[in-house]
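Engineer: Quick one: structure below, then a few questions.
The values are calculated or read from the model by the stated rules, or taken from the named source; none is laboratory data. Predicted, not measured: the structure shown is a model, and the values here were computed from it. Counting neighbours? That spans all protein chains shown, and the Cβs are built from the backbone with ideal geometry, glycine included. Note: areas computed on protein heavy atoms with side chains; ligands, DNA, RNA excluded. Shrake-Rupley method; radii C 1.70, N 1.55, O 1.52, S 1.80 Å.
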Amino acid sequence: MAKQVASDIDWNNLGFDYMDLPYRFRAYYHDGKWQDAGLTEDSTLHISEGSTALHYGQADFEGMKAYRTKSGEIQLFRPDRNAKRMKDSCTRLLMPAFPEDQFVQAAKEVVKANADFVPPYGTGGTLYLRPLMIGVGGNIGVHAADEYIFTIFAMPVGSYFKGGMVPTNFITSDFDRAAHKGTGQSKVGGNYAASLLPGDEAHKNGFSDCIYLDPVNHEKIEEVGSANFFGITKDNKFITPKSPSILPSITKYSLLWLAKNRLGLEVEEGDVYIDQLDQFTKAGACGTAAVISPIGGISHHGNLHVFYSETEVGPITTQLYDMLTGIQFGDVEAPEGWVQKVE
Ligand SMILES: Cc1ncc(COP(=O)(O)O)c(C=O)c1O
């Protein structure tokens with residue numbers, strides 16, 4: 001695959017697709033420590049056929065973005081949170097975490113080295129970073145690997161759900177992406193493998209993605225395949241599901257904070273029953289890739305519950321979107337420690 005050239009990119013029409021950029025960060029764990037760390041131009045991983053990542057899913061990852069500000073600077077949004085979550089995912093899969101401060105430093109190095117690929121301010125595009133760790137080396141027994149590769153690669157992206165801030169419909173799934181006390185809280189490959197079939201069914205039926213219900217009773221909303229869920233009640237309360245089997249979304253916790261502290265809303269992390277959607281006037285999906293994607297309607301067992309008519313987006317959803325993206329692109333003052341400049 002040829003290396004991507006920045007001048008070939010149509011910044012206003014970016015999708016969410018892999019591109020082979022000039023540089024990525026790579027580090028190797030062997031003999032009990034991380035070593036040989038640095039930038040490389042090689043986008044191919046050379047690994048043993050016995051790698052635990054390939055057979056037993058010993059693999060975790062992250063998703064984060066770099067934003068170009070109006071003055072042309074580049075900044076990251078809460079990268080320390082991604083570092084911490086990856087450490088937690090590593091703990092769950094018995095992998096050696098990459099040190100959190102070095103994770104953030106490596107992310108900055110990748111952004112700096114590929115700075116030409118951070119989309120211009122005003123296009124809505126961002127540089128998406130994909131930190132990834134895999135268990136490698138010659139193994140075949142079901143146990144943790146002795147060797148690992150950690151990499152961070154990047155690509156410029158536009159909106160994840162087609163249309164961006166336009167309401168789209170979602171459908172509940174009869175499948176589970178993760179077990180009640182399984183790996184749902186961790187960003188591990190296996191959760192996403194389990195979500196491919198239900199996600200594909202949802203897409204084929206014209207929905208943006210599926211919504212998973214709690215794996216115990218299938219009564220409560222868990223999350224969307226690649227984003228967390230939130231609803232706004234008739235009396236303007238911001239509610240989002242709490243569960244041991246959903247990914248703790250950095251965007252969701254940022255919105256909870258902003259809704260409470262900047263918009264003065266009542267907020268709650270709690271149970272969201274699928275048969276009580278009437279309490280909400282609006283609903284949305286939120287995540288690094290999804291940002292905030294309004295949910296037009298949810299189809300559940302053949303009934304479509306509609307939140308939005310046509311292209312209307314509620315005022316609170318809009319305020320939250322403007323505030324979050326304003327902070328990310330440097331137009332709105334960020335709460336202490338939320339943005340880090342790439343210098
Ligand atoms: C399953 C799932 N839930 C939620 C999210 C949102 O998390 P974050 O806001 O940290 O990106 C993601 C990823 O982006 C995800 O893959």
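Engineer: Report, by residue number, each residue of region 224-271 that is more than 16 Å from the ligand (Cβ to nearest atom) and of a type in the set (Asp, Glu).
Structural biologist: Asp235, Glu266, Glu268, Asp271
Engineer: Which condition number in (1) part of a strand (DSSP E or B); (2) open to solvent by less than 10 Å² (accessible area, probe 1.4 Å); (3) more than 16 Å from the ligand (Cβ to nearest atom); (4) over 16 Å from Glu222 (Cα atoms) is the one that Ile298 fails?
Structural biologist: Every condition holds for Ile298 apart from (4).
Engineer: Regarding Phe103, is this residue out of contact with any Phe, Trp or Tyr (no Cβ under 7 Å at 6 or more places or on another chain), under 17 Å from Lys187 (Cβ atoms) and open to solvent by less than 10 Å² (accessible area, probe 1.4 Å)?
Structural biologist: Details: out of contact with any Phe, Trp or Tyr (no Cβ under 7 Å at 6 or more places or on another chain): yes; under 17 Å from Lys187 (Cβ atoms): yes; open to solvent by less than 10 Å² (accessible area, probe 1.4 Å): yes.
Criteria met by Phe103.
Engineer: Can I ask one more? Within region 198-211, track down each residue that is within 11 Å of the ligand (Cβ to nearest atom) and closer than 25 Å to Ala53 by Cα.
Structural biologist: Passing the criteria: only Gly199.
Engineer: Out of the residues in region 276-295 meeting the condition of being within 12 Å of Phe230 (Cα to Cα) and among the hydroxyl-bearing types (Ser, Thr, Tyr), tell me which one is farthest from the ligand (Cβ to nearest atom).
Structural biologist: Among those residues, the one meeting the criterion is Thr281.
Engineer: If His46 meets every condition in (1) touching a Gly at 6+ places or on another chain (Cβ under 9 Å); (2) over 30 Å from Gly184 (Cβ atoms) apart from one, which number is that one?
Structural biologist: Condition (1) is where His46 drops out.
Engineer: Have a look at Glu73, Glu49, Glu41, Glu100 and point out the one that is acidic (Asp, Glu) and in contact with a strand residue (DSSP E or B) (Cβ under 7 Å, 6 or more places away or on another chain).
Structural biologist: Glu73
Engineer: For region 171-197, give me the residue count where each residue is touching a residue at least 60 places away in the same chain (Cβ under 8 Å), away from the ligand (no atom under 14 Å from the Cβ) and in a loop (DSSP other than H, G, I, E, B).
Structural biologist: 3
Engineer: Scan Ala178, Ala227, Ala259, Ala202 and give me the residue that is crowded, with 21+ Cβ neighbours inside 10 Å, under 22 Å from Pro335 (Cα atoms) and of a type in the set (A, V, I, L, M).
Structural biologist: Ala259
Engineer: If you take just the strands (runs of 3 or more DSSP E) that sit entirely in region 207-251, which of them hold at least 3 residues that are of a type outside the set (Asp, Glu) and touching a strand residue (DSSP E or B) at 6+ places or on another chain (Cβ under 9 Å)?
Structural biologist: Values: elements: 210-213, 221-224, 228-233, 238-241.
So the answer is 210-213, 228-233, 238-241.
Engineer: Let me ask something else about it. Answer yes or no as to whether Lys220 is under 18 Å from Phe307 (Cβ atoms), open to solvent by 50 Å² or more (accessible area, probe 1.4 Å) and not aliphatic (A, V, I, L, M). Spell out the reasoning first.
Structural biologist: Details: under 18 Å from Phe307 (Cβ atoms): yes; open to solvent by 50 Å² or more (accessible area, probe 1.4 Å): yes; not aliphatic (A, V, I, L, M): yes.
Yes.
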